[in-house]
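The values are calculated or read from the model by the stated rules, or taken from the named source; none is laboratory data. Because the structure is a prediction, the values reported are computed rather than measured. With ideal geometry, Cβ positions are generated from the backbone for all residues, glycine too; neighbour counts draw on all protein chains shown. Each accessible area value is taken on the protein alone, full model and side chains, heavy atoms only, with ligands, DNA and RNA left out. Shrake-Rupley method; radii C 1.70, N 1.55, O 1.52, S 1.80 Å.
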Amino acid sequence: MSTKRISKVHIPPGPHAASIFFPLSTKEEEKPNPRQEYAEISQSPPEGFTISLPPNESIHTWQITLVPPPASPFHPGKYGILLTLPVEYPFKPPAVRFTTRLYHPNVTNDSLGNVCLGILKPENWKPSTKVAAVLDALRNLLVEPQPDDPLEERIADEYRNDRPAWDKNVRLHVDKYARGEPVFPPVTK
């Protein structure tokens, strides 16, 4: 009976040492990573978007500017969007709100700018969903509002029943709130 001798292998300590012994599973490799996602999306953002980090460079808070496409009644406005990634991301969806006021059935008509977006609802959220998909959904919401799932029932009713009045109110809001560069609130750590 022969025996083979196994010699000890020295692996220097460091951040990559653990991955030698415990390789990432396919599922872990697929889930979004905030730093990697930010690097990719800020270098090549979806059409109409500009993405940056606030001055404190928190990777969990993104300042996003959206210029809707010409087909949108919100064009040529510029809209500030604050996207906040929870610590549990990607297992919990990001929080998204408009910092620029807009007249929309799916966005609160106040300074909070909360958004009702199907992809962000806990029952619809999937950990494999990336921020780029959220941004696409936001842009699409400004092209085609979803009055059947409103945050502002009065605006949804106007959208469904009096489109000329709705269009006029949208234009008034664009002129009043969305002509300049978006203003973002100070971010605290």
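Observations on the model:
- Screening ALA71 with (1) farther than 23 Å from GLU37 by Cα; (2) among the hydrophobic types (A, V, I, L, M, F, W, C); (3) modelled with pLDDT of 95 or more gives one miss only, at (3).
- Options ASN169, ASN124: the member that is free of Cβ contacts under 8 Å to residues at least 40 places away in the same chain, touching a helix residue (DSSP H, G or I) at 6+ places or on another chain (Cβ under 9 Å) and among the polar types (S, T, N, Q): ASN124
- Scan of the range 103-131 for residues that are modelled with pLDDT under 95 and within 23 Å of PRO164 (Cα to Cα), ordered by number: ASN109, ASP110
- The single residue among VAL170, VAL134, VAL87, VAL174 that is at pLDDT below 95 and β-branched (Val, Ile, Thr) turns out to be VAL87.
- Screening TYR103 against (1) in a loop (DSSP other than H, G, I, E, B); (2) surrounded by fewer than 20 Cβ atoms within 10 Å (Cβ to Cβ) leaves a single unmet condition, (2).
- Those residues of the range 85-100 which are hydrophobic (A, V, I, L, M, F, W, C) and open to solvent by 30 Å² or more (accessible area, probe 1.4 Å), in sequence order: VAL87, PHE91, ALA95
- Qualifying residues in the range 65-84 (those that are open to solvent by less than 20 Å² (accessible area, probe 1.4 Å) and under 14 Å from ALA137 (Cα atoms)) - the one farthest from the chain's Cα centre (by Cα): SER72
- Set ILE81, ILE59: member being modelled with pLDDT under 95 and of a type in the set (A, V, I, L, M, F, W, C): ILE59
- Among residues of the range 54-80, those that are of a type in the set (A, V, I, L, M) and without any contact (Cβ under 8 Å) to a residue 60 or more places away in the chain, counted: 2
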